[in-house]
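What follows is a set of notes on a single structure, which appears directly below.
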Amino acid sequence: MNFVKKKTFAVDIDGTITENGGGRIHLDALDALRRLTNMGHNVIFVTGRSSIEGYLLSVFGGTTKITVGENGGCLTFDSNDHVLLGNIEECKTALKVIENNIENVKEKPVFPRMTEVVLERTFDLDVAKKILSENNIEVELSDSQYAFHINSPDVDKGTGFSKIMEKYSILRNEVIAIGDSATDIPLFKIAKTSIALGNASDLVKSEATMTVNANAGDGVIEALDKLAPKLSEI
């Protein structure tokens, strides 16, 4: 039996451990992540969804009960223990400016947010970025493929997960990030190993240290199979 150094997996949810489209969890991928947790590794969801949704998934899924949600804006450690890194008021101010200048801007009906604004993907994101820049409004505007997100300046999945690393003394070379969208790139940058799934864009793949062919949950299983020699306990 070889001694295995504990790893920390930072795992996106939508498009990563969901079945393609529809938001249903890919149960085999979740089972694989639970097995990693049972082996003593950390498996932490880092999502554009509400951190409460991610936290509940960790409870029901049997993974580590810590979540980075709202694209880094909110950390959840327990049902009533949240750390807010973003400020929803500045995101709402940005929303008003976008609404006043672009047609067809709609908020997406989502689980309530504490630090961000979530919009339907019904307008040109680059035009919105230009308008905000012209109005000297500094926010992060991103596309998770699931929605457009307005976050506070310097809030992203990388900055959010960095706080977890500080709190639990997790080193960069212990982190393995898995994701599929542009919002995962900041997370990739702080992980020694980063894995882009088959459904990721070429840009996202170019920022990862490793890519797999399969999409979403099947891709997570493929990635873990590739990593297995490093993680094996025997």
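The values are calculated or read from the model by the stated rules, or taken from the named source; none is laboratory data. Fair warning: this is a prediction, and the values are worked out from it, not measured in the lab. Glycine also receives a Cβ, built like all others from the backbone with ideal geometry; neighbour counts cover every protein chain displayed. The accessibility values were calculated without ligands, DNA or RNA, using every heavy atom of the protein model including side chains. Shrake-Rupley method; radii C 1.70, N 1.55, O 1.52, S 1.80 Å.
Using a 7 Å offset from Cα along Cα-Cβ at residue 173, what residues in region 205-234 end up with backbone N under 17 Å from the label point? Correct set: 230-231. Volume of the convex hull of region 26-123 (Cα atoms only), normalised per residue: 101 Å³. Measuring max minus min along each principal axis, the C-alpha atoms of the chain give extents of 63, 36, 28 Å (largest first). Entry note, the chain: relative contact order of 21 percent, from Cα contacts under 8 Å with a spacing of 6+ residues.
Sorted largest first by accessible area at a 1.4 angstrom probe radius, with every protein chain in place, the residues 14, 78 fall in the order 78, 14.
In the chain, what percentage of the DSSP-assigned beta bridges are antiparallel, given to the nearest 5? It would help to have the intermediate numbers written out before the result.
On the way: 16 of 32 bridges.
Percentage antiparallel, nearest 5: 50.
Mean separation of Cα pairs under 8 Å and 6 or more residues apart, divided by the residue count, gives region 175-220 a relative contact order of 36 percent.
Model label points for residue 203 and residue 130, set 7 angstrom from Cα along the Cα-to-Cβ axis, are 1.6 nm apart. Cross-link partners of residue 129 among lysines, defined as those whose alpha carbon lies under 20 angstrom from its own and excluding same-chain residues fewer than eight positions apart: 92, 96, 106, 108, 157. The trypsin sites (Lys or Arg not before Pro) of region 163-193 that meet both conditions, a loop assignment by DSSP and at most 16 other Cβ atoms within 10 Å of the site Cβ, are 192. Note down the net charge around residue 218, summing +1 for each Lys or Arg and -1 for each Asp or Glu among other residues with Cβ under 14 Å from its Cβ. Charge balance in the 14 Å sphere: -4. Applying both filters, DSSP loop and at most 12 other Cβ atoms within 10 Å, to the GluC sites (Glu not before Pro) of region 93-191 gives 103, 138.
Note on the chain: with charges restricted to the Cβ of Lys and Arg (+1) and Asp and Glu (-1), its dipole about the Cα centre is near 820 debye.
Rounded to 0.05, the FRET efficiency of the residue 138 and residue 228 pair, given R0 = 41 Å and the Cβ-Cβ distance, is 0.40.
Bridgeable aspartates and glutamates around residue 130 (alpha carbons under 19 Å apart, same-chain partners fewer than 8 residues away excluded): 90, 99, 103, 120, 138, 140, 143, 154. Using every pair of separate Cα atoms, the Kirkwood estimate puts the hydrodynamic radius of region 88-151 at 11.6 angstrom.
Between amide H atoms placed 1.01 Å from N, distances below 5 Å from residue 13 occur with 46, 48, all of them 5 or more places distant or on a separate chain.
Ignoring ligands, DNA and RNA, please state the percent of accessible area on the chain from carbon and sulfur, probe 1.4 Å.
Result for the chain: 48 percent of the exposed heavy-atom area is carbon or sulfur.
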